[in-house]
Each structure stands twice: as C-alpha cells, then as structure tokens.
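The values are calculated or read from the model by the stated rules, or taken from the named source; none is laboratory data. Model, not experiment: these values are computed from the prediction. Positions of Cβ are generated from backbone atoms using ideal geometry, with glycine treated the same way; all protein chains shown enter the neighbour counts.
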Amino acid sequence: MKRYEGLFILDLAGREEGLNEAVEKVKTIITGAGAQVQTVQKMDKRPFVRVTDKKVTGGHYVNVIFEASTTTIAGLPSKFTHVEEVYRVLFHEASKSAGAPVTETAA
C-alpha cells in the first residue's frame, strides 16, 4: 500500500451548505474502492485564474490523503467522472511528510 494525495475541486452550484455532504461522498467512493482515508483537509473556495466554463468560476478545494494499492489507484479517477459535485480531480503519490502536522520553529 502506498500513500496518495487526491486534490478535489468541488462545484457546489451555489449550495455552500452541501460541502460536508460532498466531502462525505468523496470519502465513501475512495473507501468503497478499497483505500483507507487518513486525512481530509478542507481548503477555501477560490476563484479560477483561467475560467474555462462561464458557469463555473471557482470551486472548493479539498485535499484527501489515503493509502491504496496500485491497482486501486488506477481505477479511482474513473469513479469520479459522473459525480456531479466533483469538477476536477488530481491524484499523485504523497510525500512522506504529507498529512503530518505542521510545526513552526522560532528563528
């Protein structure tokens, strides 16, 4: 099992209260595929720098760190193609420090 990071851009179409439900749907799909979710980081809603669709000008960014086998990760992107709330998704192998707590040191 390797650690992976999934960056999701969610389009809630004006339903800001549906963010938690959309994140739970993403987690359910990932765990249903056989992966183990470790960390979910909800980031802010951000406008897109380059707008490709005038109906979607920004999205909620969510980072999910999980462990999965290589066969699981190969089929995972196709599971999100028909999920209405997921506008874009990107998976990559996570670094060893991904998901670790951030510590600051005084200079």
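Name the single residue that is nearest to Lys2 (Cα to Cα) among those in the range 46-79 being charged (D, E, K, R) and either modelled with pLDDT of 90 or more or touching a Lys or Arg at 6+ places or on another chain (Cβ under 9 Å) (or both).
Taking the range 46-79 as the starting set, the residues that turn out to be charged (D, E, K, R) are 46, 50, 53-55, 67, 79.
Okay, now just the ones that are also either modelled with pLDDT of 90 or more or touching a Lys or Arg at 6+ places or on another chain (Cβ under 9 Å) (or both), so 46, 67, 79.
Numbers: Arg46: 30, Glu67: 5, Lys79: 19 Å.
Out of the qualifying residues, it is Glu67.
Hey, could you check the range 1-40 for residues that are assigned to a helix (DSSP H, G or I) and acidic (Asp, Glu) and say which is surrounded by the fewest Cβ atoms within 10 Å (Cβ to Cβ)?
Residues of the range 1-40 that are assigned to a helix (DSSP H, G or I), as a first pass: 16-32.
Then keep just the ones that are acidic (Asp, Glu); that gives 16-17, 21, 24.
On the way: Glu16: 9, Glu17: 7, Glu21: 12, Glu24: 11.
Among those that are assigned to a helix (DSSP H, G or I) and acidic (Asp, Glu), it is Glu17.
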Near pairs, Cβ below 6 angstrom, 6+ apart or cross-chain, from the range 14-33 (among the charged types (D, E, K, R)) to any residue that is modelled with pLDDT of 90 or more: Lys27/Val37
Filter result (hydroxyl-bearing (Ser, Thr, Tyr) and over 12 Å from Ala68 (Cα atoms)) within the range 1-40: Thr28, Thr39
Positions within the range 47-83 being among the charged types (D, E, K, R), exposed (fewer than 12 other Cβ atoms within 10 Å of the Cβ) and in a strand (DSSP E or B), in sequence order: Asp53
Filter result (over 11 Å from Glu85 (Cα atoms) and at pLDDT 95 or above) within the range 8-23: none
